[in-house]
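In what follows, a structure is listed as structure tokens, so that the remarks can point back to it.
The values are calculated or read from the model by the stated rules, or taken from the named source; none is laboratory data. Keep in mind that what you see is a predicted model, and the values were worked out from it rather than measured. A quick note on method: Cβ atoms are made from the backbone with ideal geometry, for glycine too, and the neighbour counts reach across all protein chains shown.
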Amino acid sequence: MADIRLRSIEKMYGETAALCGIDLDIRDGEFLTLVGPSGCGKSTLLRIIAGLEEQTRGEVEIDGKSVNKIRASKRDLAMVFQSYALYPHLTVWQNMITPLRLRDLSSLERMPFIGRFVPGQRDKVKSLHTLAGETAHTLKLEQLLHRKPGQLSGGQRQRVALGRAMVRKPRAFLMDEPLSNLDAALRVHMRAELAELHRNLKTTFIYVTHDQAEALTMSDRIAIMIDGEIIQLGTPDEIYKNPRDRRVAEFVGSPKINILSGDVDESGNVSIMGNHTGIRIRKRIKKVHLGIRPEHFRLVNGNGATDSWPFHVTYKENLGSDFYLHGHLNGSKNRIITRAAPDEVGRITIGETVKVRARQGKPMVFCDNDCRIDVMQEAGYGSA
Ligand SMILES: Nc1ncnc2c1ncn2[C@@H]1O[C@H](COP(=O)(O)OP(=O)(O)O)[C@@H](O)[C@H]1O
Ligand SMILES: [Mg+2]
């Protein structure tokens, strides 16, 4: 068990800053995910926590003690990589038991024949075997113990890599994109397994991924990293519903949030392509960007509705339970995607122009430098 604190961590590679002052408190037993686009510094940060890389400035503390001077092998953290890093010539069982033997038995105790005559060695070996056996059971590896990594599927190999980390009972698990070598279906399955494993072990997990869906589904909290900085930290729900920055809003959610450019009049009223939005801002600027998630559009019936926007449908994407309508607002080239129920879209044909509006209170407003702007909404607008 461990809480891990990062204080003003900076990392320079020559002149290039990979991390620009990271402050983060990871709570004991928490599943915290570092998520962000490739190259934003996730792996560098994880490797600094693990002690595999040295920070240029800043402090890593584990359970209240600085570990800056403590090397990786003494930090008692387990790292799980995308590449599994299993010994190919050893069986699953040997892969799991070897790190334990190396850690807990002296070189004399490990020797063939002679080792077993060292007093106490047998009991030690027995307890290592019990531990490895329990781990194999937890990870459903019992049927595979005699196989070598080459005879396993990707998902099975990943479970063995986890098992090898688990047997050491580390203070925390550090995982760098552990599922990215697996096919899509297996990735979804392993997400559920990892989340369950975390619930059972109650150990701190720090998980790195560029996949926002992985981050949203498994984590207690998510830290969104962009260009070497954490730009938002929060629960998956907070990050999705209340992004404080346009880059966060665009990074989480699939399909991506729609961004529409809006014009602001002297009174602060926002319109898009000349259409009334019911949104007013206090900030004195002329242009804003409106972020509307696909599920926050509504199809509007009838031609009489004044507070709705003409939407030209170019493609209907059928997902069974839902449809995504692709298209653009009349007069705009920006492609937007709206979600609708199958019974609503049955009568809509491609090429048709329908009426849509955003659900009340849902559009987010961003300024040119990506920051979120507070909005005032007209009462009653778009509430139907
Ligand atoms: N050993 C290195 N030498 C120089 N630059 C590096 C090194 N490792 C990483 N970088 C750079 O640091 C930045 C962050 O890399 P990384 O932490 O691997 O990103 P991520 O894991 O988020 O994809 C990138 O711009 C990368 O090119
Ligand atoms: Mg990486």
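Looking at Leu24, Leu45, Leu100, can you tell me which residue is assigned to a strand (DSSP E or B), assigned by TED's automatic domain parsing to the domain that holds Gln212 and surrounded by 16 or more Cβ atoms within 10 Å (Cβ to Cβ)?
Result: Leu24 is the single residue among Leu24, Leu45, Leu100 that is assigned to a strand (DSSP E or B), assigned by TED's automatic domain parsing to the domain that holds Gln212 and surrounded by 16 or more Cβ atoms within 10 Å (Cβ to Cβ).
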Report task. Looking for whichever is of a type outside the set (S, T, N, Q), buried (at least 19 other Cβ atoms within 10 Å of the Cβ), under 35 Å from the mean Cα position of the chain (by Cα) and not assigned by TED's automatic domain parsing to the domain that holds Lys241 here; the options are Leu299, Leu329, Leu319. Which one fits? Result -> Leu329
Report task. Just need a number here: residues in the stretch 64-106 that are modelled with pLDDT of 90 or more, charged (D, E, K, R) and under 17 Å from Pro170 (Cα atoms). Result -> 5
Requested in this report: Identify the residue in the stretch 212-235 that is farther than 15 Å from Gly39 by Cβ and acidic (Asp, Glu) and, among all such residues, is surrounded by the most Cβ atoms within 10 Å (Cβ to Cβ).
Outcome: Glu214
Report summary line: Of the listed residues (Arg71, Arg47), the one being on the phi < 0 side of the Ramachandran plot and away from ligand 1 (no atom under 12 Å from the Cβ) is Arg71
**Report entry** One residue from Glu196, Glu177 being of a type outside the set (A, V, I, L, M) and within 15 Å of Phe31 (Cβ to Cβ)
**Finding:** Glu196
Requested in this report: Scan the stretch 346-356 and give yes if some residue there is within 13 Å of Leu290 (Cβ to Cβ), of a type outside the set (Asp, Glu) and not in a strand (DSSP E or B), otherwise no.
Outcome: no
Report task. For Glu266, work out the one condition from (1) among the acidic types (Asp, Glu); (2) touching a strand residue (DSSP E or B) at 6+ places or on another chain (Cβ under 8 Å); (3) not assigned by TED's automatic domain parsing to the domain that holds Ala192 it doesn't fulfil. Result -> (2)
Report summary line: Of the conditions (1) surrounded by fewer than 19 Cβ atoms within 10 Å (Cβ to Cβ); (2) hydrophobic (A, V, I, L, M, F, W, C); (3) touching a helix residue (DSSP H, G or I) at 6+ places or on another chain (Cβ under 9 Å), the single one that Met79 does not satisfy is (1)
Query raised in the report: Taking the stretch 50-63 on its own, how many of its residues are more than 12 Å from ligand 1 (Cβ to nearest atom) and either among the charged types (D, E, K, R) or closer than 15 Å to Met175 by Cβ (or both)?
Result: 5
Query raised in the report: Identify, please: which residue in the stretch 28-49 is touching a Lys or Arg at 6+ places or on another chain (Cβ under 7 Å) and more than 19 Å from Asp227 (Cβ to Cβ) and is, among those, nearest to ligand 2 (Cβ to nearest atom)?
Result: Leu32
Query raised in the report: Residue check: is Asp370 touching a helix residue (DSSP H, G or I) at 6+ places or on another chain (Cβ under 8 Å) and at pLDDT 90 or above?
Result: yes
Requested in this report: Select, from Arg164, Arg199, the only residue that is assigned by TED's automatic domain parsing to the domain that holds Phe31, of a type in the set (Lys, Arg) and within 23 Å of Leu90 (Cα to Cα).
Outcome: Arg164
Query raised in the report: Can you find even one residue in the stretch 236-253 that is more than 20 Å from Val288 (Cα to Cα), loosely packed, with under 15 Cβ neighbours inside 10 Å and among the polar types (S, T, N, Q)?
Result: no
Report task. Give, as residue ranges, the strands (runs of 3 or more DSSP E) completely inside the stretch 153-236 that count at least 2 residues that are closer than 26 Å to Cys40 by Cβ and of a type in the set (Gly, Ala, Ser). Result -> none
Query raised in the report: Within the bounds of the stretch 197-216, is there any residue that is of a type in the set (Ser, Thr, Tyr) and more than 22 Å from Asp3 (Cβ to Cβ)?
Result: no
Query - Among the candidates Leu174, Leu182, residue that is out of contact with any strand residue (DSSP E or B) (no Cβ under 7 Å at 6 or more places or on another chain) and not small (Gly, Ala, Ser) - result: Leu182
Requested in this report: Evaluate the following for Leu19: is it farther than 30 Å from Met96 by Cβ, surrounded by 15 or more Cβ atoms within 10 Å (Cβ to Cβ) and near ligand 1 (Cβ under 9 Å from one of its atoms)?
Outcome: yes
Requested in this report: With respect to Pro119, determine if the residue is touching a residue at least 24 places away in the same chain (Cβ under 8 Å), away from ligand 2 (no atom under 16 Å from the Cβ) and surrounded by fewer than 19 Cβ atoms within 10 Å (Cβ to Cβ).
Outcome: no
Report summary line: Across the stretch 157-177, the tally of residues that are farther than 16 Å from Asp76 by Cα and either surrounded by fewer than 19 Cβ atoms within 10 Å (Cβ to Cβ) or touching a helix residue (DSSP H, G or I) at 6+ places or on another chain (Cβ under 6 Å) (or both) stands at 3
